[in-house]
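Let me begin by presenting the structure, written as structure tokens, before commenting on it.
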Amino acid sequence: MHRSGEKSIPVVPALCVLPLALLLLGLVLRAGIGPYFLGANQDPAYPYLLNSLNILSGRAPSHIDHPGTPLQVLGAVVLWVRWRLGGGGASEPLDHSVLGDPEGYLHAISTALMLFVCLAHFLAGAWVYRVSRRLAPALFLQLGVFCFPQLVFAMVNVSPEPLLLAAGLLLVPALVAGATGREEWRGCLVGAALGFGVASKVTFIPLVPLLFLFRSLKARAAALLSCLIAFLFCTIPIQGSYPRLYEWLKALLLHKGRYGEGEPGVADLPVLLHNLAELSAGEPFLSATLAGYLMLLLFLCLSRQRGEGSPFRLLLVVALVIAAQLVVTAKHPSAHYLLPSMALGVLGNAALFLWAQTTGRRRLCRGMALFLVLGLVLSLGPVRSRFQGAQSMAAAERELARYLTGNPGARVVPYYRSNSEQYALSFGNIFAGGFFAEELDRRFPEALFYDMWKARFYSFKGAVPDASVQQLVQSGAGVVLTGAPLPYTRPGAQLTLRPVSTGGGVALYRLGATE
């Protein structure tokens with residue numbers, strides 16, 4: 001059954017259009033940003049790849065910071081399926097196959113993530129249509145994803161973010177209820193999505209208070225229990241590492257610095273306020289969404305529209321959750337940490353649009369439609385910048401090629417964010433517990449890397465003394481370092497750096513020896 005004016009529109013095909021458009025956009029973006037070993041693309045793609053391989057090798061994942069276990073399990077399944085479809089076992093062992101073609105396996109994981117997100121995108125729209133019998137709010141929800149560039153960028157990453165987007169969209173039963181049967185059943189669905197999201201990345205924790213959208217204690221209890229069960233189930237591979245995960249989260253919460261560093265205590269208020277202002281300015285559509293909720297809450301209070309049928313409770317909880325995530329993220333300011341709140345904003349806007357449509361508030365409907373168009377326009381700039389960033393990394397790769405052409409025989413030593421597949425494998429292996437060092441050393445016996453944080457050189461076998469590197473420099477062939485721009489010029493006691501190129505986010509340095 002269709003609403004008036006929607007009779008000629010087939011519902012299922014209509015609900016498939018925008019998820020398919022999202023999939024197509026994701027594929028275009030993935031092609032545009034280049035290989036996963038290229039610069040910033042390698043983190044955290046390669047650590048997740050090799051931790052997925054750890055699971056298939058019968059070992060627990062070594063990287064549990066996010067914790068990210070659902071992605072590691074999904075990655076393990078995809079690795080095994082791709083290996084088997086490629087005649088796995090007949091030609092080479094699984095670990096040899098993955099280490100020999102990491103990009104092919106990463107693309108397979110990425111494709112699986114894209115399909116999962118698009119399925120959640122479709123199901124979220126289908127839920128709204130199911131409870132409202134209105135196509136416009138369902139399409140409004142689906143179109144809202146395109147207003148947040150971070151949600152679109154999440155499609156191409158081999159990281160927890162695609163799973164956070166999917167989990168966020170699957171929270172729709174908490175915000176859009178309708179006549180959908182027992183509230184406890186919706187609580188179980190929402191709790192499962194919350195537990196899955198928290199297991200994927202702890203940045204999903206601020207969304208747990210959405211449980212208070214349920215009115216009955218039974219529904220809240222069902223949601224909380226479902227959340228706990230889902231989290232425990234999704235983190236089965238790392239159950240032995242729960243104490244380490246707890247200590248990591250405690251350090252994040254109780255220390256002043258970023259990522260659990262610094263002294264215990266609360267971060268300086270001026271720093272937090274500065275970071276909060278930058279986050280708000282950097283994500284204008286999320287900030288505008290929160291501001292709109294606050295203004296509407298004020299209007300509903302002043303007009304005493306807080307009873308049954310009012311969106312007051314929904315707006316209050318959603319606004320508090322978004323504000324809380326902004327405050328928490330101010331300690332570790334990065335826009336992608338706000339992704340759960342962006343997904344929640346998509347749902348909140350759709351729920352508000354549905355309320356406006358069902359109560360005949362046409363002016364509000366038109367205003368929200370214009371707001372959606374504004375979001376789509378604002379999203380074009382960041383998408384263009386993402387492509388330009390990829391072009392800068394490609395330009396840095398060409399600069400390195402030109403340098404090597406003019407300096408034949410020069411030894412390249414890559415480090416963090418270099419355009420090097422060997423370094424990406426080394427980086428991933430470190431976060432995978434170093435279990436693949438022997439096979440990687442067999443494949444790349446001459447590999448040499450630099451640790452920009454500890455200012456030391458190393459190979460797949462282990463640390464390499466500065467004296468050995470100095471001998472290599474003095475041999476006359478020439479040594480160049482490439483990676484993120486360095487804040488110092490002395491990479492070792494007897495070594496110096498001479499910048500060759502530092503543009504595009506990937507720097508090139510000639511390594512010299514001190515007299």
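The values are calculated or read from the model by the stated rules, or taken from the named source; none is laboratory data. Please read these numbers as outputs of a predicted model, since none were measured by experiment. All Cβ positions, even for glycine, are placed from backbone atoms using ideal geometry, and neighbour counts span all protein chains on display.
Below is a table of values for the structure above.
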read-out	value
Any hit, region 212-231, residues being within 23 Å of residue 141 (Cβ to Cβ), in contact (Cβ under 8 Å) with a residue 60 or more places away in the chain and either touching a helix residue (DSSP H, G or I) at 6+ places or on another chain (Cβ under 7 Å) or in a helix (DSSP H, G or I) (or both)	yes
Options 431, 444, 435; residue that is of a type in the set (Phe, Trp, Tyr), buried (at least 18 other Cβ atoms within 10 Å of the Cβ) and either free of Cβ contacts under 8 Å to residues at least 40 places away in the same chain or within 30 Å of residue 63 (Cα to Cα) (or both)	431
Evaluation of residue 357 against (1) within 27 Å of the chain's Cα centre (by Cα); (2) farther than 20 Å from residue 45 by Cβ (one fails), failing number	(1)
Single residue of 464, 473, 480 found to be touching a Phe, Trp or Tyr at 6+ places or on another chain (Cβ under 9 Å), farther than 16 Å from residue 417 by Cα and not aromatic (Phe, Trp, Tyr)	464
Residue tally, condition over 19 Å from residue 204 (Cβ atoms) and either crowded, with 24+ Cβ neighbours inside 10 Å or not assigned by TED's automatic domain parsing to the domain that holds residue 215 (or both), over region 145-186	3
Region 200-223: number of residues that are in contact with a His (Cβ under 9 Å, 6 or more places away or on another chain) and crowded, with 23+ Cβ neighbours inside 10 Å	3
Filter result for residue 496 (in a strand (DSSP E or B), at pLDDT below 90 and more than 16 Å from residue 402 (Cα to Cα))	yes
Test: residue in region 179-193 that is within 27 Å of residue 366 (Cα to Cα), more than 23 Å from the chain's Cα centre (by Cα) and in a loop (DSSP other than H, G, I, E, B)	yes
Residue pairs meeting the criteria (Cβ under 6 Å; at least 6 apart or on separate chains; first closer than 21 Å to residue 342 by Cα and among the small types (Gly, Ala, Ser), in region 262-285; second modelled with pLDDT of 90 or more and not in a helix (DSSP H, G or I))	none
Region 27-45 residues that are under 20 Å from residue 425 (Cβ atoms), paired with ones that are at pLDDT 95 or above and of a type in the set (D, E, K, R) (beta carbon under 8 Å, 6 or more apart)	35/103; 35/421; 36/103; 37/103; 37/421
Test: residue in region 310-326 that is within 23 Å of residue 173 (Cα to Cα), in the same structural domain as residue 145 (by TED's automatic domain parsing), of a type in the set (Gly, Ala, Ser) and assigned to a loop (DSSP other than H, G, I, E, B)	yes
Any hit, region 154-171, residues being at pLDDT below 95 and in a helix (DSSP H, G or I)	yes
From the options 360, 375, residue that is in the same structural domain as residue 176 (by TED's automatic domain parsing), over 18 Å from residue 149 (Cα atoms) and of a type in the set (Gly, Ala, Ser)	360
Tally of residues being outside any helix (DSSP H, G or I) and among the aliphatic types (A, V, I, L, M) across region 239-273	2
Qualifying residue in region 132-143 (condition: part of a helix (DSSP H, G or I) and charged (D, E, K, R))	no
